[in-house]
Amino acid sequence: MRAAIPQKLARHSSLAALVVAMVCASVVVHRVTPVAMLRTPERPFAGYGDPRVRTGPMSYPRQAVGADDERVTIGARPKRIVSQGWAADEFLYASVPPERVVGVSESAYQDRISNVYELARRYGPVVANDPERVLRADPDLVLTPVEARSDVPGLLRAAGIPLYRIYTTFQTLRSIEEHIRLVGYLTGEDARAGLEVVRFRTIVERAAARKPAGTRSPRVLGLGGTYSYGSQTLMTDILRVLGAENVAATNGMVGYDRVTDEHIVRWNPEWIVAGADRGQVSAVRERLLANPAIAATEAAQRGQIVVLENHVFLPLSPFTAALVDALSLAFYGGEPS
């Protein structure tokens, strides 16, 4: 594999030139194409790709179909793995020995959101945000989110690198479990991934069991800035598992969409859940309470506004278990898992 590096780097100049050409072509297309023919903008965090896990034999070569419906073939257990997305970073570090992760997204080095920050700092993988850096990392497997631009994955595939585009806009906790096993399959770490599934499931089951029998469902509103989480989002499934009600979903919101002060007053949640950067929990809670619409809710009047640091609140990965645990403790009390 090491002998192949010069050949890969020799292709780099032409690959970089191709990237520039594609960007220029994109600009031209948007300037000359009739508006009616251009793709309609989607709401933030709309689902991308196919969430199904589609794998082949356990023996090598292994094969899997990605969320972009492209098949990847992995000839042997990968030794040098690159991630190009925040969720993919966390899936890898949850199941793969950290020394085998040689490239990560920029998010891995951002301690305000990353759950793998300390591992990234210790082992020093490159930030694999362009084809040149990926090629220099000499990977034998790349994981990239399906919602990312398609030009860079195309260039890496043209260079002969096995690349899997992973689905990350999960709508259920079960889908996260399935993708933990998928990452284990892709990386040859099936046993470690199986143990991670057990850990994940155990935390979720303990969290669900905290709700006292006969207790009515807490009415909860999740806030991400000026947006909320309706049906077909992971938040809805988490609240369902915890025996709680997502008031945004109940009132017809679908996906991740904008929420107004009028919505908040009308829905009148008993609990409000939001995220904050590290060290900013109190500041965010104060800012929420300064909003008259939020201050008028039962959640504010009962002191039931839960602000969690973003490395707990935001992950779409095995680290989502920490969010499930934190919400259960807030709603019902008990001992942390």
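Hey, among Arg266, Arg206, Arg216, which residue is in contact with a helix residue (DSSP H, G or I) (Cβ under 9 Å, 6 or more places away or on another chain) and not aliphatic (A, V, I, L, M)?
Numbers: Arg266 fails: in contact with a helix residue (DSSP H, G or I) (Cβ under 9 Å, 6 or more places away or on another chain); Arg216 fails: in contact with a helix residue (DSSP H, G or I) (Cβ under 9 Å, 6 or more places away or on another chain).
So the residue among Arg266, Arg206, Arg216 that is in contact with a helix residue (DSSP H, G or I) (Cβ under 9 Å, 6 or more places away or on another chain) and not aliphatic (A, V, I, L, M) is Arg206.
Cβ-Cβ contacts under 7 Å between residues 6 or more apart (or on different chains), taken from a first residue in segment 48-66 that is surrounded by fewer than 13 Cβ atoms within 10 Å (Cβ to Cβ) to a second residue that is part of a loop (DSSP other than H, G, I, E, B) and not charged (D, E, K, R), are listed as Tyr60/Gly75; Tyr60/Ala76; Pro61/Gly75. From Tyr109, Tyr117, which residue is in contact with an Asp or Glu (Cβ under 6 Å, 6 or more places away or on another chain), surrounded by fewer than 24 Cβ atoms within 10 Å (Cβ to Cβ) and modelled with pLDDT of 95 or more? After ruling out the rest, the residue left standing is Tyr117.
Among the residues making up segment 239-258, those that are hydrophobic (A, V, I, L, M, F, W, C) and either part of a loop (DSSP other than H, G, I, E, B) or in contact with a strand residue (DSSP E or B) (Cβ under 9 Å, 6 or more places away or on another chain) (or both) are Leu239, Leu242, Ala244, Val247, Ala248, Ala249, Met253, Val254.
Can you tell me which residue is farthest from the chain's Cα centre (by Cα) among those in segment 109-144 that are part of a helix (DSSP H, G or I) and of a type in the set (Lys, Arg)? Across segment 109-144, the extreme among qualifying residues is Arg136. Among the candidates Arg210, Arg165, Arg149, Arg181, the residue that is under 18 Å from Gly56 (Cβ atoms), not in a helix (DSSP H, G or I) and not aromatic (Phe, Trp, Tyr) is uniquely Arg165.
The values are calculated or read from the model by the stated rules, or taken from the named source; none is laboratory data. The shown structure was predicted, so the numbers you read here are calculated from the model rather than taken from an experiment. Heads up, the Cβs are rebuilt from the backbone with ideal geometry, glycines too, and the neighbour counts pull from every protein chain shown.
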